[in-house]
Amino acid sequence: LTRVDEVWVARYVVTPGPPLKITAVDVQILGSAAQDAEFQRLLRKLPVAVGNTLEHAQYEESKSALMQLATERGYLDAQIETSEIRVDLESYSAAIVIHFNPGERYRFGTIKFDVPEFEAEFLQRYATFAEGDGYTFTALLDLQNALTDSDYFSQIEVKTRRDLVQNYMIPVEVTAVPRDRTRYTLGLGYGTDTGARATAGVERRRVTRDGHRWRADAKISEISNSLSTRYFIPLDNPRTDQFTVTAGYENQRLAGNTS
């Protein structure tokens, strides 16, 4: 302890010594979740392992990873029953003990679509899960993203009703705000190959309650006119599959000729 310019300055010299090694790890998944392959896969990747230097951050990371996986996999009553770091300074060793009990896995209950503008059976085709399947948060997020990408809706809400759970079955409710039924487009421009040109289009986003669409486009320029129309019918997997009927008319004027 020294005094420098009217200020007391304390200096410390710390000798950390050798790092403390983990000599034993006892991480257990209790109950029926012990047979869940995802938990077994996670156990093989936990950062706490025999031979590693004891780091408290890795110990906390391991517990967080277990809780996160339980939430994702539908073990919504999960809890850590035992959580200890046992340090023996005489043998200069550390043991990790984590006994994790995920409890029962929840499953998806009834799936209700509160979207009057569409048939529930049609919207159900966007889901990758059905009533009775094991709950996963990823499946809910995937459904929300698929409905958003469909371009039918401006707002989507997919929520679980834990207040209505029976026998570990969680009902799912989907509400949505549809986009405007009709969309118009208009464009004006000029090109060296076409001269002045104009485009106009109309799209009917909802022709029927099972997702049929219709679109028409017109293009007019100094050298050509065209009109096209398309009708879209979603198939069993509306994310990727649809049947399209197309018709069109085109008139071109090139070097005094019309075709």
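Of the residues making up region 209-240, just one is β-branched (Val, Ile, Thr), at pLDDT 95 or above and either more than 30 Å from VAL177 (Cβ to Cβ) or out of contact with any His (no Cβ under 8 Å at 6 or more places or on another chain) (or both), namely THR229. Only residues that are open to solvent by 50 Å² or more (accessible area, probe 1.4 Å) and either outside any helix (DSSP H, G or I) or without any contact (Cβ under 8 Å) to a residue 60 or more places away in the chain (or both) were counted across region 121-141, and they come to 6. Checked across region 151-160, the condition of being of a type in the set (Lys, Arg), open to solvent by 50 Å² or more (accessible area, probe 1.4 Å), under 30 Å from ASP77 (Cα atoms) and in contact (Cβ under 8 Å) with a residue 24 or more places away in the chain holds for no residue.
Residue count for region 1-20 under the criterion of being of a type in the set (Phe, Trp, Tyr) and either touching an Asp or Glu at 6+ places or on another chain (Cβ under 9 Å) or assigned to a loop (DSSP other than H, G, I, E, B) (or both): the result is 1. Inside region 41-63, can you point out the residues that are closer than 25 Å to LEU140 by Cβ, part of a helix (DSSP H, G or I) and open to solvent by 70 Å² or more (accessible area, probe 1.4 Å)? Once the filter is applied, which keeps residues that are closer than 25 Å to LEU140 by Cβ, part of a helix (DSSP H, G or I) and open to solvent by 70 Å² or more (accessible area, probe 1.4 Å), region 41-63 yields only ARG41.
When restricted to residues that are out of contact with any Ser or Thr (no Cβ under 8 Å at 6 or more places or on another chain), assigned to a strand (DSSP E or B), under 18 Å from GLU121 (Cα atoms) and open to solvent by less than 40 Å² (accessible area, probe 1.4 Å), region 174-209 contains 2.
Going by the structure shown, is ASP163 without any contact (Cβ under 8 Å) to a residue 12 or more places away in the chain, open to solvent by 70 Å² or more (accessible area, probe 1.4 Å), of a type in the set (D, E, K, R) and more than 30 Å from LEU46 (Cβ to Cβ)? When the stated conditions are applied, ASP163 passes them. Pick from region 214-233 the residues that are crowded, with 17+ Cβ neighbours inside 10 Å and among the basic types (Lys, Arg): which of them is nearest to ALA196 (Cα to Cα)? Among residues in region 214-233 that are crowded, with 17+ Cβ neighbours inside 10 Å and among the basic types (Lys, Arg), the one nearest to ALA196 (Cα to Cα) is LYS219. For the residues THR110, THR23, the requirement of being open to solvent by 60 Å² or more (accessible area, probe 1.4 Å), more than 26 Å from GLN166 (Cβ to Cβ) and not in a helix (DSSP H, G or I) singles out THR23.
The values are calculated or read from the model by the stated rules, or taken from the named source; none is laboratory data. Everything numeric here is computed off the predicted structure, so don't read it as measured data. Neighbour counts are summed over all protein chains in view; Cβ atoms, including those assigned to glycine, are modelled from backbone coordinates with ideal geometry. Heads up: the accessible areas ignore ligands, DNA and RNA and are worked out on the full protein's heavy atoms, side chains in. Shrake-Rupley method; radii C 1.70, N 1.55, O 1.52, S 1.80 Å.
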